[in-house]
Number of protein chains: 2
Amino acid sequence: MNLKNQVEWALHCCSVMASLPEGRYLSTRSLSEFHGVPKEYLGKALQGLSKAGLVHTTLGPSGGYRLARPAQAITFLEVVEAVEGRKSTFQCSEIRANNPCRPKSLCDDKPCAVARIMWRADEAWRQTLAAVTLADLQETLQEDVPADLLKRSFDWLMERAG
Amino acid sequence: MNLKNQVEWALHCCSVMASLPEGRYLSTRSLSEFHGVPKEYLGKALQGLSKAGLVHTTLGPSGGYRLARPAQAITFLEVVEAVEGRKSTFQCSEIRANNPCRPKSLCDDKPCAVARIMWRADEAWRQTLAAVTLADLQETLQEDVPADLLKRSFDWLMERAG
DNA sequence: TCAATCTAGGATATCGAATGTCCATGATTG
DNA sequence: CAATCATGGACATTCGATATCCTAGATTGA
């Protein structure tokens, strides 16, 4: 029951983009170097963000990615689902249909009771992530990360931003 | 991000065992035939329940499994974790350590902010499952499943219970 | 006592998804 | 016009999920 590591990468990339000045872009190359992850594979995750409409892209030199919306208008859930997809952790295989006592004709009006409970848990998970925005993350990072490291990171990124 | 299908099987097996009269046992063979799943592989899941102390076992003919505790004292979370393990959906790879601006000497006092948020969602998922017991499931099934099917299923199992 | 049946658990095979690489294409920039 | 970019398809690799098979030791019932 693991999320792809691309989810982690995408969240950190969004975090970086959230502090990017208006109108600037960060390329896959820069983002991959900053996070120490493979460029080609990170690209797939970023394309997921792009298809979900969370980021805006431009081509050519000085091209790359930026957030399509303000940081407070993008939730963790959106980023996670853009990369991971929307399927729930629990897959119901309709095991109840295998019951040897069950008449073929019987038709279920509700999903399996076990599945309903498991899906409720998934929903709680999603609600939690839907309640946190990239702006909230930025705020937390301001407290967590030493100011000079934030500054140096920002400068490093600005040197490479298109 | 999937749970193993063994989790589904284990939950349905526990549901069946919850209606088992005191002192009776159900073998892997019976449980696998009732649910239409492979016996050997289901056995691994049941062994997981056994190691977690959720079920009691006996050997020999007429042997098998029964719940080690009353149904209202066993939660969904316990069953899920017995089979799936306890690791969270989000694995933090400490990506922040790859930041090229980061001094080697810097030591983090907290887990990564991204991980903390993701783990909060996992915690909400777990809390939801911890709040539901096998007795709750039984109650729901009484409403969902036609009475005659419940009766026939019970009789089918009793014929095979040790 | 003995044969049958059970759980426990190790060894191994298969399959699909996660992970990662490579390349072609078309757009954009300077 | 050359360099750089995102996009996306094809492909290779790795790893866990999904099984299957077999042995060992315990228990039951005849």
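The values are calculated or read from the model by the stated rules, or taken from the named source; none is laboratory data. Predicted model only: the values in this text are computed from it and were never measured. Cβ: placed from backbone, ideal geometry, glycine included. Neighbour counts: every protein chain shown. Accessible surface is based on the protein model in full, side chains and every heavy atom, while ligands, DNA and RNA are left aside. Shrake-Rupley method; radii C 1.70, N 1.55, O 1.52, S 1.80 Å.
Here residue B:154 fulfils each of the conditions (1) open to solvent by 70 Å² or more (accessible area, probe 1.4 Å); (2) not in a helix (DSSP H, G or I) apart from (2). Would the range A:51-69 turn up any residue that is within 14 Å of the chain's Cα centre (by Cα), within 11 Å of DNA strand C (Cβ to nearest atom) and β-branched (Val, Ile, Thr)? No, the range A:51-69 contains no residue that is within 14 Å of the chain's Cα centre (by Cα), within 11 Å of DNA strand C (Cβ to nearest atom) and β-branched (Val, Ile, Thr).
Among the residues that make up the range A:114-123, is at least one of them at the interface with another protein chain (Cβ under 8 Å from one of its Cβ atoms) and loosely packed, with under 12 Cβ neighbours inside 10 Å? Scanning the range A:114-123 turns up no residue that is at the interface with another protein chain (Cβ under 8 Å from one of its Cβ atoms) and loosely packed, with under 12 Cβ neighbours inside 10 Å.
Taking every residue in the range B:8-27 that is within 18 Å of residue A:119 (Cβ to Cβ) and pairing it with any residue that is in a helix (DSSP H, G or I) and open to solvent by 30 Å² or more (accessible area, probe 1.4 Å), at least 6 positions away or on another chain, the pairs with Cβ-Cβ distances below 9 Å are B:9/B:41; B:12/A:96; B:15/B:138; B:15/B:141. Being within 16 Å of DNA strand C (Cβ to nearest atom), within 11 Å of another protein chain (Cβ to nearest Cβ) and either open to solvent by 20 Å² or more (accessible area, probe 1.4 Å) or under 16 Å from residue A:74 (Cβ atoms) (or both) is the filter here; which residues of the range A:12-36 pass it? A:12, A:13, A:33, A:36 - these are the residues of the range A:12-36 that are within 16 Å of DNA strand C (Cβ to nearest atom), within 11 Å of another protein chain (Cβ to nearest Cβ) and either open to solvent by 20 Å² or more (accessible area, probe 1.4 Å) or under 16 Å from residue A:74 (Cβ atoms) (or both).
Among residues that are among the hydroxyl-bearing types (Ser, Thr, Tyr), more than 7 Å from chain B (Cβ to nearest Cβ) and under 30 Å from residue B:107 (Cα atoms), residue A:133 is included.
If only residues of the range B:1-11 that are assigned to a loop (DSSP other than H, G, I, E, B) and open to solvent by 30 Å² or more (accessible area, probe 1.4 Å) are counted, the one that is farthest from DNA strand C (Cβ to nearest atom) is B:4. Scanning the range B:90-109 for residues that are among the basic types (Lys, Arg) and surrounded by 14 or more Cβ atoms within 10 Å (Cβ to Cβ) yields a count of 2. Under the condition of being more than 7 Å from chain B (Cβ to nearest Cβ) and either more than 27 Å from residue A:135 (Cβ to Cβ) or touching a residue at least 60 places away in the same chain (Cβ under 8 Å) (or both), the residues counted in the range A:74-87 number 6.
The single condition among (1) more than 10 Å from chain B (Cβ to nearest Cβ); (2) under 25 Å from residue A:149 (Cα atoms) that residue A:7 does not meet is (1).
Let's see how each residue does on (1) outside any helix (DSSP H, G or I); (2) open to solvent by 50 Å² or more (accessible area, probe 1.4 Å):
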{"site": "A:79", "(1), (2)": "no, no"}
{"site": "A:82", "(1), (2)": "no, no"}
{"site": "A:88", "(1), (2)": "yes, no"}
{"site": "A:111", "(1), (2)": "yes, yes"}
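Within the set B:95, B:74, the sole residue that is more than 24 Å from residue A:114 (Cα to Cα), modelled with pLDDT of 95 or more and not small (Gly, Ala, Ser) turns out to be B:95. Residue check: residue B:50 meets all listed conditions (1) within 9 Å of DNA strand D (Cβ to nearest atom); (2) open to solvent by 20 Å² or more (accessible area, probe 1.4 Å); (3) part of a helix (DSSP H, G or I); (4) of a type outside the set (A, V, I, L, M, F, W, C) but one, namely (1).
For the range A:54-77, the set of residues classified as open to solvent by 20 Å² or more (accessible area, probe 1.4 Å) and either part of a loop (DSSP other than H, G, I, E, B) or of a type in the set (S, T, N, Q) (or both) consists of A:57, A:58, A:59, A:60, A:61, A:62, A:68, A:69, A:70, A:72, A:75, listed by residue number.
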